[in-house]
Ligand SMILES: Cc1ncsc1CCOP(=O)(O)O
Ligand SMILES: C=C1C=NC(C(F)(F)F)=NC1=N
Ligand SMILES: [Mg+2]
């Protein structure tokens, strides 16, 4: 059973901040607080890459970030780590094509948000069939954040999905910032997912606010 009605989720996905401690210029807690003050609408804890926390330290940071999200009614999603998501009673998880099968995750987390990465129309259709609540499409633009991405695909797959009658919520991801976010929304994505542009900003609040403005303008 999907988490919520699609319309509501499409609104929630508009400015989707993703980060872990390795991505942050400043303290992760401060970074998230500033991003929320700037207007992000959705958050994913993705503790990955060089220097990523593990075990108790990872759980502690996740719990602290979750509490900040809860205080501001921002959905808190965990990337990959299903056990951590269940332990924290997170609002959901984001999984990739090579992570645990969606139907297994759905059994473990009924009623929660389950997002899936997809790179082809085939993967999108399978995601819908298996009950994904949203799909992350990318990398839209070149990115240095995830080193093992599929080829950069621009907005073509987003446009292709939107040219069909498929109504699944879509977020674009990969190299997105305030200067190119409009193109992603214009192509038909419901939201943009951002790591570097916010987490490495001198003012995460300012960047989040710029992104929110662009997305709201283009979503009218
Ligand atoms: C997790 C992920 N999946 C596809 S690209 C990417 C990284 C996006 O990071 P950034 O917003 O810094 O380009
Ligand atoms: C690899 C990823 C691809 N897409 C997304 C999201 F933007 F949330 F859909 N998150 C990820 N961690
Ligand atoms: Mg994964």
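For the stretch 99-124, a tally of residues being touching a strand residue (DSSP E or B) at 6+ places or on another chain (Cβ under 7 Å) and either closer than 17 Å to residue 187 by Cα or more than 13 Å from ligand 3 (Cβ to nearest atom) (or both) returns 6. Here is the figure for the stretch 22-53: residues that are closer than 18 Å to residue 95 by Cβ and either under 16 Å from the mean Cα position of the chain (by Cα) or part of a helix (DSSP H, G or I) (or both) total 7.
The residue of the stretch 171-182 that is farthest from residue 139 (Cα to Cα), among those that are more than 9 Å from ligand 1 (Cβ to nearest atom) and surrounded by 17 or more Cβ atoms within 10 Å (Cβ to Cβ), is 178. Of the residues making up the stretch 95-114, those that are without any contact (Cβ under 8 Å) to a residue 60 or more places away in the chain and under 18 Å from residue 169 (Cα atoms) are 95, 96, 97, 102, 106. Taken together, 168, 161 contain a single residue that is over 18 Å from residue 44 (Cα atoms), away from ligand 1 (no atom under 16 Å from the Cβ), assigned to a loop (DSSP other than H, G, I, E, B) and touching a residue at least 12 places away in the same chain (Cβ under 8 Å), which is 168. Screening residue 95 against (1) at positive phi; (2) within 16 Å of ligand 3 (Cβ to nearest atom) leaves a single unmet condition, (1). Can you tell me which of 127, 178, 132 is within 26 Å of residue 19 (Cβ to Cβ), assigned to a helix (DSSP H, G or I) and either modelled with pLDDT of 95 or more or more than 16 Å from ligand 3 (Cβ to nearest atom) (or both)? None of the other options fit; the residue is 127. Report yes if residue 47 is closer than 30 Å to residue 126 by Cβ, at pLDDT 95 or above and either surrounded by fewer than 21 Cβ atoms within 10 Å (Cβ to Cβ) or more than 16 Å from ligand 1 (Cβ to nearest atom) (or both), otherwise no. So residue 47 does not fit the description; no.
Every condition in (1) in contact (Cβ under 8 Å) with a residue 40 or more places away in the chain; (2) over 18 Å from residue 77 (Cβ atoms); (3) within 14 Å of ligand 1 (Cβ to nearest atom); (4) in a loop (DSSP other than H, G, I, E, B) is met by residue 202 except one, and the failing one is (3). When you check residue 216 against the structure, is it at pLDDT 95 or above, assigned to a helix (DSSP H, G or I) and surrounded by 21 or more Cβ atoms within 10 Å (Cβ to Cβ), yes or no? No; evaluated as a whole, the condition is false for this residue. Taking the stretch 137-158, which residues are buried (at least 16 other Cβ atoms within 10 Å of the Cβ) and without any contact (Cβ under 8 Å) to a residue 24 or more places away in the chain? Within the stretch 137-158, just 154 meets the criteria.
Test residue 175 against the criterion of being touching a strand residue (DSSP E or B) at 6+ places or on another chain (Cβ under 8 Å), in contact (Cβ under 8 Å) with a residue 12 or more places away in the chain and closer than 18 Å to residue 118 by Cβ, and give yes or no. Spelling it out, it is not the case that residue 175 is touching a strand residue (DSSP E or B) at 6+ places or on another chain (Cβ under 8 Å), in contact (Cβ under 8 Å) with a residue 12 or more places away in the chain and closer than 18 Å to residue 118 by Cβ.
Each residue in the stretch 81-125 was checked for being more than 23 Å from residue 138 (Cβ to Cβ) and surrounded by fewer than 18 Cβ atoms within 10 Å (Cβ to Cβ), and 10 pass. In the condition set (1) farther than 18 Å from residue 198 by Cβ; (2) near ligand 2 (Cβ under 10 Å from one of its atoms), residue 101 is compliant with all but (2). For the stretch 3-16, state whether one or more residues are out of contact with any strand residue (DSSP E or B) (no Cβ under 8 Å at 6 or more places or on another chain), within 16 Å of ligand 3 (Cβ to nearest atom) and in contact (Cβ under 8 Å) with a residue 60 or more places away in the chain. No: the stretch 3-16 contains no residue that is out of contact with any strand residue (DSSP E or B) (no Cβ under 8 Å at 6 or more places or on another chain), within 16 Å of ligand 3 (Cβ to nearest atom) and in contact (Cβ under 8 Å) with a residue 60 or more places away in the chain.
The values are calculated or read from the model by the stated rules, or taken from the named source; none is laboratory data. Since the structure is predicted, the reported quantities are computational estimates derived from the model, not experimental observations. When we count neighbours, we look across all protein chains shown, and the Cβ atoms used for this are built from the backbone with ideal geometry, even at glycine.
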